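Since the structure comes first, as structure tokens, the remarks are kept for the end.
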Amino acid sequence: MAGDRTTEHNVGTTHGRDQSAATPLMTLTYRSRATTPLSESQLSDLQHSAAARNRAENITGMMVYNDDRFFQWLEGPPASIARVWSSISQDPRHADIEALSVHSAPTRLFANWSLKLTTGLGDPLIGDLTAAAVSSTNAAAERLAALVIATEPSEARLLLLAAHAEFRSISALTELLIEPAARCLGDLWADDDCGEYDVTLGLCRLQTFLREVAADSVQQHSEHPLVVLVAPLPGEIHMLGATLDAEALWQAGHDTRVRFPSTEQALERIVATSWFDAVDLSLSPAFTREHRIDRMSHIIDSVRRASKNPALVVIAGGRAFYDRAASSADVHSDGSSTSAAHLSDDIARARRSHA
Ligand SMILES: Cc1cc2nc3c(=O)[nH]c(=O)nc-3n(C[C@H](O)[C@H](O)[C@H](O)COP(=O)(O)O)c2cc1C
């Protein structure tokens, strides 16, 4: 995009390894609005002096300036964060300052930057990352798909962090941004705008970034926790769907077991040796995989035969079901899932009709 600009203050490798494993690490995100629009040189001055102080304070992070709004992620020792935050929150260059999250973190996400600045996340992204705005257009998902296959994916990571700070829900982040971005990656490939390797890389990175933002998520209490096996269909190399499903089911309070069986026989052994109330098998969230539908029905038949639970409920997921290229009848499942966000309900519905 014309006018996109990303500048970096690379601080080498020392921040990546906090001197002591016991050093506590805190992260803080906030957003604000510039009191008067900043020129390029004012922004550059701000970044240079902030990066210098961050270096001295052992702080790393990233900042977006876009559409006269700021979004910033800071990480470092709690006392340093408190000192710098005290300065930032009194700085007259911005107003409407809203802290979005403050919590301890296991590792740094922007270890190589004392302050990475970007103005290129696509307008009006920061202003309009509300769930309503993101769901009404595919622009944020398209942007995320493009950023996640870039050589350096930290802007994709920041976009997800900013969206998570806005939505405050992993399930909304999954349904409104991550799953649509996975489909956008598939579309880029179908249009010859990227290779299959890029799609796989992009999906892996989405999976990694999801784990980072979901690190502090909490499990809800469930009145009826189920033991659920979550697995990609053997032979499916795209694991993102299973990861999203597992996170969603765990959050809903289920006893979730994630496995990656490489063969049909390995999957049969898992269901033959352990009790599961339900099995969630997924195909790629990016590609439709029409040629795997027959095989999926065959595998689901053999999973039922091998299952320790004769009333096993099987749910099928993946882009094929979102696009309605396949239905649960086609694959002999008890239900199909179009988003991890609804999987727990899909399983409950399938169990009711199974009973
Ligand atoms: C949007 C915005 C982000 C900022 N980010 C940082 C930062 O990451 N680190 C930092 O030391 N100062 C940052 N500053 C500058 C501080 O507000 C402050 O000017 C600077 O730390 C000097 O602190 P002092 O005025 O208390 O001496 C930022 C300012 C603004 C307006």
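The values are calculated or read from the model by the stated rules, or taken from the named source; none is laboratory data. It should be emphasised that the depicted structure is a prediction, and the values quoted were computed from it without experimental measurement. Glycine also receives a Cβ, built like all others from the backbone with ideal geometry; neighbour counts cover every protein chain displayed. Note: accessible area is taken over every heavy atom of the protein model, side chains too, but ligands, DNA and RNA are not part of it. Shrake-Rupley method; radii C 1.70, N 1.55, O 1.52, S 1.80 Å.
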Mind checking whether some residue in the stretch 173-194 is farther than 26 Å from Asn66 by Cα and of a type in the set (S, T, N, Q)? no
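Could we say that Arg211 is assigned by TED's automatic domain parsing to the domain that holds Pro285, surrounded by fewer than 19 Cβ atoms within 10 Å (Cβ to Cβ), among the charged types (D, E, K, R) and not in a loop (DSSP other than H, G, I, E, B) here?
On the way: assigned by TED's automatic domain parsing to the domain that holds Pro285: no; surrounded by fewer than 19 Cβ atoms within 10 Å (Cβ to Cβ): yes; among the charged types (D, E, K, R): yes; not in a loop (DSSP other than H, G, I, E, B): yes.
Here the answer is no, as Arg211 does not meet what is asked.
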Just give me the residues in the stretch 183-214 being more than 10 Å from the chain's Cα centre (by Cα) and of a type in the set (Gly, Ala, Ser), in sequence order. Gly186, Ala190, Gly195, Gly202
When Pro106 is run through (1) in the same structural domain as His48 (by TED's automatic domain parsing); (2) modelled with pLDDT of 85 or more, the failure sits at (2)
Single residue of the stretch 47-63 satisfying the filter (more than 7 Å from the ligand (Cβ to nearest atom) and open to solvent by less than 10 Å² (accessible area, probe 1.4 Å)) that is farthest from Thr23 (Cα to Cα): Gln47
